[in-house]
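The values are calculated or read from the model by the stated rules, or taken from the named source; none is laboratory data. Owing to the predicted nature of the structure, the values given are computational and were not obtained by experimental measurement. With ideal geometry, Cβ positions are generated from the backbone for all residues, glycine too; neighbour counts draw on all protein chains shown. Remember, those area values only see protein heavy atoms, side chains included, never the ligands or the DNA or RNA. Shrake-Rupley method; radii C 1.70, N 1.55, O 1.52, S 1.80 Å.
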Amino acid sequence: MSFSTRLGAYSEPAPVGPLLVLAGTTASGKSALALALAERIGAVIVNADSQQLFADLPILTARPTAVEEERLPHRLYGVLGPREQPSAGRWLALVLPLLMELAAAGRPSILVGGTGLYLEALLHGLSPIPEVPATLRGRLLEESREMPTSALYARLARLDPLSAARVRPTDRQRILRALEVLEATGRPLALWQEEPRRPLVRPRALLGVALLPPAELTGPRIARRLEAQLEAGALEEVAALAAAEPGLAEAARSGRIEPWPILKVHGCRELLTVLDGRLERAAATAEIARQVRAYAKRQRTWFRHRLGELEPLPVTGESEGLAEVLLRRFERTVAAAG
């Protein structure tokens, strides 16, 4: 059964229990804050980060540690293989029944992550884009396998300039998505995305914040976390993944990542180049940090403009007194909901 078919079963917004959303930029301290709050309110921590859906590369994706997962219940972490494609539809198909299950058990949920598109889809709904036949998707992938991303983008710009204006010229996955929707429906993806949407959940109570520390604070945090990841074995876990997935390293070298979506994990391709001797570790570390800083900048812009339900906070999750303030606010929000 497809994800869209499963989501179609929710003809009305699903009633769920009290929901606390902790979104924000990468390396902003969301996970630490979630632990502090979940312990106080008896909540289950639910992943809303696309990279942390992968079972492999737990260090490089900054997933909660085994000790943290033993301390408190965590769900939807490490549920996809390296060849499985994370998407908003796939995440929704997992998270909606989980949130209803937790509501039935009387457990509040803390959604934690920086993938704003997932949270927007949950709170605002998905665009009603028709299902793309698997045969069409497979054919387009095969036809484009030897095409550079720049050529694919040029094709999209020629056939669908409206959608091309909304994707980055280097984002191969979204370029292919726009092309497949255009071919399947005869209509630009951008127009489908403008169709009315409806929320997929109706929380009993909702409190949401987005941690958006300034760049001068985020940059050093990203650098420190990256060094800690390398010390903890990030390079070794990339090597283990490459050994388990023949062809992965060659795909990274060629830039053809379709068979292995896990190659989009920040730092994976750069560390593969270290392993095959094409890049020094210091140079790879600098490039990874640069890319993650750029990603954090895009997240800051996204969360400021797309999700009004989330209060933007220019702080990190470890800011003194923040957990206590949010705890009191959440308790008041739940009490007011009755």
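Quick check on my filter: what residues within the stretch 102-123 are open to solvent by 50 Å² or more (accessible area, probe 1.4 Å) and part of a helix (DSSP H, G or I)?
First, the residues of the stretch 102-123 that are open to solvent by 50 Å² or more (accessible area, probe 1.4 Å): 104-107, 117.
Result: 104, 117.
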Complete set of residues in the stretch 259-292 that are open to solvent by 30 Å² or more (accessible area, probe 1.4 Å), more than 26 Å from residue 84 (Cα to Cα) and touching a residue at least 40 places away in the same chain (Cβ under 8 Å): 281
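From the list 46, 67, pick out the single residue that is β-branched (Val, Ile, Thr) and touching a residue at least 24 places away in the same chain (Cβ under 8 Å). Don't jump to the end; show me each part of the working.
On the way: 67 fails: touching a residue at least 24 places away in the same chain (Cβ under 8 Å).
Just a single option satisfies the conditions, and that option is 46.
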Going by what's in this entry, would residue 197 be described as in contact (Cβ under 8 Å) with a residue 12 or more places away in the chain, within 16 Å of residue 123 (Cβ to Cβ) and under 21 Å from the mean Cα position of the chain (by Cα)? yes
Quick one: in the stretch 43-61, of everything that is touching a Gly at 6+ places or on another chain (Cβ under 9 Å) and small (Gly, Ala, Ser), which residue is surrounded by the fewest Cβ atoms within 10 Å (Cβ to Cβ)? 55
For residue 99, work out the one condition from (1) assigned to a helix (DSSP H, G or I); (2) modelled with pLDDT under 95 it doesn't fulfil. (2)
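Output the number of residues of the stretch 63-94 satisfying the condition of being outside any loop (DSSP other than H, G, I, E, B) and either under 23 Å from residue 233 (Cβ atoms) or under 13 Å from the mean Cα position of the chain (by Cα) (or both). Give the steps one after another, and end with the answer.
Step one: list which residues in the stretch 63-94 are outside any loop (DSSP other than H, G, I, E, B), which gives 66-71, 74-75, 80, 88-94.
Going one step further and asking which of them are either under 23 Å from residue 233 (Cβ atoms) or under 13 Å from the mean Cα position of the chain (by Cα) (or both), we end up with 66-71, 74, 80, 88-92.
Qualifying residue count for the region: 13.
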Answer yes or no: is there a residue in the stretch 118-129 that is in contact (Cβ under 8 Å) with a residue 12 or more places away in the chain and over 25 Å from residue 17 (Cα atoms). yes
Since residue 249 meets every condition but one in (1) open to solvent by 40 Å² or more (accessible area, probe 1.4 Å); (2) among the small types (Gly, Ala, Ser); (3) free of Cβ contacts under 8 Å to residues at least 60 places away in the same chain, which condition does it not meet? (1)
Any residue in the stretch 79-89 that is within 27 Å of residue 260 (Cα to Cα), open to solvent by 10 Å² or more (accessible area, probe 1.4 Å), modelled with pLDDT of 95 or more and among the polar types (S, T, N, Q)? no
Only one residue in 34, 105 is within 27 Å of residue 213 (Cα to Cα) and out of contact with any His (no Cβ under 6 Å at 6 or more places or on another chain). Which one? 34
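Of the residues that sit in the stretch 148-175 and are touching a residue at least 60 places away in the same chain (Cβ under 8 Å) and not hydroxyl-bearing (Ser, Thr, Tyr), which one is surrounded by the fewest Cβ atoms within 10 Å (Cβ to Cβ)? It would help to see each step written out before you state the result.
At the first step, the residues of the stretch 148-175 found to be touching a residue at least 60 places away in the same chain (Cβ under 8 Å) are 148-149, 172-173.
Retained after the next criterion (residues that are not hydroxyl-bearing (Ser, Thr, Tyr)): 148, 172-173.
Numbers: 148: 13, 172: 22, 173: 15.
Restricting to residues being touching a residue at least 60 places away in the same chain (Cβ under 8 Å) and not hydroxyl-bearing (Ser, Thr, Tyr), the top hit is 148.
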Return the total of residues in the stretch 95-132 being within 14 Å of the chain's Cα centre (by Cα) and of a type in the set (Asp, Glu). 1
Within the stretch 100-123, identify whether any single residue is among the polar types (S, T, N, Q), in contact with a helix residue (DSSP H, G or I) (Cβ under 6 Å, 6 or more places away or on another chain) and under 20 Å from residue 183 (Cα atoms), and answer yes or no. no
Of all residues in the stretch 296-331, which are part of a loop (DSSP other than H, G, I, E, B), open to solvent by 70 Å² or more (accessible area, probe 1.4 Å) and at pLDDT 95 or above? 314
Criterion: more than 22 Å from the chain's Cα centre (by Cα), modelled with pLDDT under 95 and open to solvent by less than 40 Å² (accessible area, probe 1.4 Å) - qualifying residue of 188, 203: 188
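With respect to residue 140, determine if the residue is within 28 Å of residue 311 (Cα to Cα) and not in a loop (DSSP other than H, G, I, E, B).
Values: within 28 Å of residue 311 (Cα to Cα): no; not in a loop (DSSP other than H, G, I, E, B): yes.
So residue 140 fails the test.
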